[in-house]
Amino acid sequence: MHIAPLGDAAVVITVGAEVNEHTHRLVGAIHERLERAPVAGQIECVPAFASVVVHYDPARVARTHPRGLPSDIVTAAIERMIADIRERPVRARRTVEIPVCYGGQFGPDLDEVARAHDLAPAQVVEEHASGEYIVYMIGFLPGFPYLGGLSPRLATPRRDTPRAIVPAGSVGIGGSQTGVYPLDSPGGWHIIGRTPLALFSPHRQPPALLQADDAVRFRPISVEELERLRADAE
Amino acid sequence: MSIRVEQPGMLTTVQDLGRHGLQAQGVPVGGAMDTVAHRIANVLIGNDEAAATLEITLLGPSLTFASDVVIALGGADLGARAGSVELSPWRPAYVPAGTRLGFTGSRAGCRAYLAIAGGIDVPAVLGSRSTFLRGSFGGFRGRALERGDELPVGEPSALARRIGERLRGHSASVAVAHWSASPLIRPSCSSRAVVHLLSDAHTSHLTEAAREHLFGSEYRIASASDRMGFRLDGPPLELVAPVDLLSEGVAFGTVQLPPGGVPIVLMADRQTTGGYPRIGCVATVDLPLVAQLRPGDRLRFRPISLHEAQAMYLDRERDLAQARIGVALAHP
């Protein structure tokens, strides 16, 4: 594990070099501990696959530690705080089920993904919906989940030409990742379906539907059910 | 008290000092691009530094005030006029009800901050009044201002009222203060900025030639630059060997190097995490300089140590604190 400056108002704690359960649980443990007991001057922590960035205010650090470089002080404080850290124990994950209407007008790229893998569209749906996914981190866009667990049989390189707008709720495949767009956004992923669920809502507490370490399952639904779920939400 | 938008200008948004504590939910910090100009404008009129202002980009709006107000501008000089009276940045002014505030065009810099006593009183969303355009939330209805918008203004502080009374005196017309923010604390606006750059994770992975370009060339701010990031046109940069990175947190001022070799400086609305190599980070004290660059303006990087960068940051915070105290003492 090692801590390095990120500019002059943050440090990055690097926990590993690859994505795996152990690293993920270590990141989770560090994030939890620093949230519970922030170091002097800490503003917030941003956990990712194998790192945690700690943003701080050097002026606040200097108020409580007038001598010494704020970056050194923060680094030393974090080191003390996580010296005995161990990966977070395995515990029951919260499972979030995401209803998805696959194909048709909501999945304009489903056929293409099927063709690319010599599968029928229904097989792509079956394979995608039977996967068990873990949220490794939230980033890129508000509420956007980086999911682990996409079957290698469905990995499809990003589109040559990204779309100017991918509607919020779109479920896609990009390279070896799958995820859901929480907002209307430009995007280069292959869109295979749409969920009526709001992955992000600024007026909800917490605003992001998914959190790091959630388990995610996709459940195929019909167009009628999608419309009904949308209407219920309004 | 409200402000009516007669013309919206090029891109005018409500901003404050951003949303903190939500990056783990993927919510960008956002807020004023030039935080120092925003803060000084507020300090000059007795507002809390975090009070919401209008961030005005290049071509300013035309606004009318429903009641008498005290205002101050910070940042770029965009040719502001209250009625027929010229308003330069860094100097508070009393503006009577019904006056129209307009802007004739940029003389220097890109972004001006209009602070109004009481602050822009739109509802806070996720703890901030900043506008997140991409997500369509925060600020005034999650968007840039449009013609016909009416912006609510909060209650001025007691200090703001005293400043206003002193300025107004017995006048019924626009009255500009004869005091202003010290030149020592005002960030400058230049179309050719020299910006201090800290080393980052992949600075040492740059080729020798790339390192020379990074610190020896003048980069041009590309037109495809916005509140999320500035693209720098200039000699493309190369790493000694490609690196495959996991997405990780980034900072305001992080300089990324995507595969094409065109560096990007991450700005206020940057995403919370990124997967491109990081070849440097702009020192926080120089972020206002960058924020004032217009497309076509030039930028040069100069290395700085972490020690120097943090010393400069602490000095600036001390100066700003003194300015705050100074304004209060001058209006007992």
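The values are calculated or read from the model by the stated rules, or taken from the named source; none is laboratory data. These numbers come from a predicted model, not from an experiment. For neighbour counting, all protein chains shown are included, and Cβ atoms are generated from backbone atoms with ideal geometry for every residue, glycine included. In case anyone asks, the SASA skips ligands and DNA or RNA and just uses the protein heavy atoms, side chains included. Shrake-Rupley method; radii C 1.70, N 1.55, O 1.52, S 1.80 Å.
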*Picking from A:SER71, A:ALA122, A:VAL96, whose Cα lies most toward the positive end of the charge dipole for the stretch A:32-128 (charges on Cβ: Lys, Arg +1; Asp, Glu -1)?*
A:SER71
_Testing the spin-label approximation: label points 7 Å from Cα along Cα→Cβ at A:ALA231 and B:ALA224. State their distance in nm._
4.4
*Expressed as a whole percentage, what fraction of the accessible surface of chain B belongs to carbon and sulfur atoms when a 1.4 Å probe is rolled over the protein heavy atoms?*
51
*asked:* Quick one: the Cα spread of the stretch B:116-158 along its three principal axes, in angstroms, biggest first?
replied: 36, 26, 11
*asked:* Placing +1 on the Cβ of each Lys and Arg and -1 on the Cβ of each Asp and Glu in the stretch B:39-135, which of B:ALA80, B:ALA50, B:THR99 has its Cα farthest towards the positive end of the resulting dipole?
replied: B:ALA80
*How large is the dipole of the stretch A:1-145 about the Cα centre if only Lys and Arg carry +1 and Asp and Glu carry -1, each at its Cβ, rounded to the nearest 20 debye?*
960
*Label-point separation (nm) for B:ARG192 and A:HIS203, each offset 7 Å from Cα along Cα-to-Cβ?*
5.2
*Please compute P(r) over all alpha-carbon pairs of the stretch B:4-120, binned at 5 Å starting from zero, and give each bin as a whole-number percent.*
2, 13, 23, 26, 20, 8, 4, 3, 1, 0
*Residue by residue through the stretch A:159-176, which ³J(HN,Hα) values in whole Hz follow from phi under the Karplus form 6.51 cos²θ - 1.76 cosθ + 1.60 (θ = phi - 60°), with glycine and proline marked x?*
4, 4, 10, x, 7, 5, 9, 10, x, 4, x, 5, 9, x, 10, x, x, 9
*Just report the Cα centroid separation between the stretch A:128-184 and the stretch B:201-274, whole Å.*
25
*Please state the charge dipole magnitude for chain B, taken about the Cα centre, from unit charges on C-beta atoms (+1 on K and R, -1 on D and E), reported in debye and rounded to the nearest 20.*
640
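Run through every distinct alpha carbon pair of the stretch A:128-234 and return the Kirkwood hydrodynamic radius in angstroms, one decimal place.
In the stretch A:128-234 this quantity evaluates to 14.3 Å.
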*Take every Cα-Cα distance within chain A, group them into 5 Å bins from 0 onward, and report for each bin the whole-number percent of pairs it holds.*
1, 6, 13, 16, 15, 14, 11, 9, 7, 5, 3, 1, 0, 0
*Of B:LEU159, B:LEU266, B:LEU17, which has the largest mean-square fluctuation in a 10 Å C-alpha GNM of chain B?*
B:LEU159
*Per residue, how much accessible area does the stretch B:240-300 have with a 1.4 Å probe, in Å²?*
30
*Total accessible surface hidden between B and A, rounded to 100 Å², 1.4 Å probe*: 3200
*Set Lys and Arg Cβ to +1 and Asp and Glu Cβ to -1, take the dipole of chain B about its Cα centre, and tell me which of B:SER217, B:GLY249, B:GLY169 lies farthest positive.*
B:GLY169
*So how tilted is helix A:21-36 from the main axis of chain A? Cα-based, degrees 0 to 90, rounded to 10.*
50
_So if I restrict to the alpha-carbon atoms in the protein assembly as shown, what is the Rg, and what is Dmax, the biggest pairwise distance, in Å?_
24.9, 83
_Taking the Cα centre as origin and putting +1 on Lys and Arg beta-carbons and -1 on Asp and Glu beta-carbons, what dipole magnitude results for the protein assembly as shown, to the nearest 20 debye?_
1360
*Quick one: compute the contact order of the stretch B:61-163, relative version, from alpha carbon pairs under 8 angstrom and 6+ residues apart, as a percent.*
26
*State, as an integer percentage, the relative contact order of the stretch B:180-299 based on alpha-carbon contacts under 8 Å between residues 6 or more apart.*
38
*As a check on your grasp of the helix formula, calculate [θ] at 222 nm for chain A: sum -39500 (n - 2.57) over DSSP H runs of n ≥ 4, divide by the residue count, round to the nearest 500.*
-8000 deg cm²/dmol
*Show me B:231-237, B:50-56 ranked by packing, highest mean number of other Cβ atoms within 10 Å first.*
B:50-56, B:231-237
*Note the direction-averaged projected area, equal to a quarter of the hull surface, for the Cα convex hull of the stretch A:1-65, in nm².*
4.2
*Three principal axis lengths of the stretch B:238-311 [C-alpha, angstrom, descending]*: 32, 32, 25
